[in-house]
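To start, the structure itself, in structure tokens.
The values are calculated or read from the model by the stated rules, or taken from the named source; none is laboratory data. Computed from a predicted model, the values in this text were never measured in an experiment. Cβ atoms come from the backbone with ideal geometry, glycine included; neighbour counts cover every protein chain shown. Remember, those area values only see protein heavy atoms, side chains included, never the ligands or the DNA or RNA. Shrake-Rupley method; radii C 1.70, N 1.55, O 1.52, S 1.80 Å.
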Amino acid sequence: MGSFQFKRFTVQQEKAAMRVGTDGVLLGAWAAGASCDTILDIGTGTGLIALMLAQRFSQAQIDAIDIDPGAVADATINFSASPWGKRLKVAEYDAAKLVGRGKKYDLLVCNPPFYAEGPATTNVSRDLARDARHLPHTLLLDMLIGNGTEAASLCVILPVKEGMDMLVESVRRGLYCRRRTSVSSHTGEAAIRLMLEFCILPCSCAIDQLVIGGATVESFSEACKELTRDFYLALK
């Protein structure tokens, strides 16, 4: 699959290890901040989430980083071809080297790797993108503290166990969870993902659920369609 067409942009994905998937689209549509003048997309991959946020937040300046040169190559092409190229920047960078350095961001967002031990494949770039040892979830919390503005938030999507572990780690760091959305494939089934928004300032936590509803965009639940309607071509 060379490209994926959305309503207002196209994602080329020939070199990035991780291609367009439902997790990324859900997070890009769900991630929010009261004031998003500056955004950092950590582990951007093809640049999908950064592009979605550029569409949603018309004034935001968005920086994207990834450790994989193939991902950076794809994201560079995708940013340049989009209507928001002047507001999007991508760089090959190790997130661990950025903690507490550089400018501050209103919103940090990441669709992080989540295999604790690393999947065993022969695709080195894909393993790198999926292995949490290269981008620990605790590092993302540290980046919120070190690289976020006072009112900043961090939005992620994770499997349920890893998401619950991250909630525990956030409390240990004195952070707060502002939103927690459990994502399930079908009504009545157990959640398969958690979308979480962490922040520095004290807040209450809004807890809700999202049912995807089907394997194709056309079979999504009404709630999922409403969330992603501005992006998927198949949704009118």
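For region 139-191, the fraction of alpha-carbon pairs lying more than 12 Å apart is 68 percent, rounded to a whole number.
Rounded to the nearest 500, the helix-only mean residue ellipticity at 222 nm of the chain stands at -8500 deg cm²/dmol, with each DSSP H run of n ≥ 4 adding -39,500 (n - 2.57). Counting only residues at least eight positions apart within a chain, or on another chain, the lysines with an alpha carbon under 22 Å from that of Lys236 are Lys7, Lys225.
Projected onto planes of every orientation and averaged, the convex hull of the alpha-carbon atoms in region 1-69 covers 4.6 nm².
Loop sites by DSSP among the GluC sites (Glu not before Pro) of the chain, restricted to those with at most 15 other Cβ atoms within 10 angstrom, leave 15-116 as the longest stretch without any of them. Accessible surface comparison of Ile212, Ile39, Ile207, probe 1.4 Å, protein chains only, largest first: the order is Ile207, Ile212, Ile39.
Quick check: net charge around Arg180, other residues with Cβ under 15 Å of its Cβ, Lys/Arg +1 and Asp/Glu -1? Please list the in-between numbers first.
On the way: positive: Lys161, Arg178, Arg179, Arg193; negative: Glu162, Asp165, Glu169, Glu197, Asp208.
Neighbourhood net charge equals -1.
Write down the Kirkwood hydrodynamic radius of the chain, to one decimal in angstroms, obtained as one divided by the mean of 1/r over all alpha carbon pairs. One decimal place: 17.7 Å for the Kirkwood radius. Taking a sphere under 15 Å around the Cβ of Ser204 and counting the other residues whose Cβ falls inside, with K and R at +1 and D and E at -1, yields a net charge of +1.
Around Asp94, what is the net charge, scoring Lys/Arg as +1 and Asp/Glu as -1 over all other residues with Cβ under 12 Å from its Cβ? List each step's numbers first, then the result.
Working: positive: Lys97, Arg101; negative: Asp66, Asp68, Glu92.
Summing Lys and Arg as +1 and Asp and Glu as -1 gives -1.
Given the Cα-Cα distance of Ser3 and Thr138 and 0.36 nm per residue of separation, how much length would full extension add, in nm? Display every interim value, and only then the final one.
Numbers: separation 135, 0.36 × 135 = 48.60 nm, distance 3.24 nm.
Using 0.36 nm per residue and subtracting the Cα-Cα distance, I get 45.4 nm.
In cubic angstrom, how much convex hull volume per residue do the alpha carbon atoms of region 125-236 span? Intermediate values should be presented prior to the final figure.
Details: hull volume 15.9 nm³, N = 112.
For region 125-236, the hull spanned by Cα atoms encloses 142 Å³ per residue.
Taking Met164, Met195, Met143 in turn, the Gaussian network model of the chain (Cα-Cα springs below 10 Å) assigns the largest fluctuation to Met164. Mind checking which of Asp142, Asp68, Asp165 has the largest fluctuation in a GNM of the chain, springs on alpha carbons under 10 Å? Top of the fluctuation ranking is Asp165. The listed peptides 24-31, 76-83, ordered by packing as a protection proxy, come out as 24-31, 76-83 (highest mean of other Cβ atoms within 10 Å first).
On the protein heavy atoms, probe 1.4 angstrom, tell me the percent of accessible surface of region 1-54 carried by carbon and sulfur. Each step should come with its number before you reach the end.
On the way: 840 of 1820 Å².
C and S fraction of accessible area: 46 percent.
Using C-alpha pairs under 8 Å with a sequence gap of at least 6, the mean separation divided by the residue count of the chain gives a relative contact order of 17 percent.
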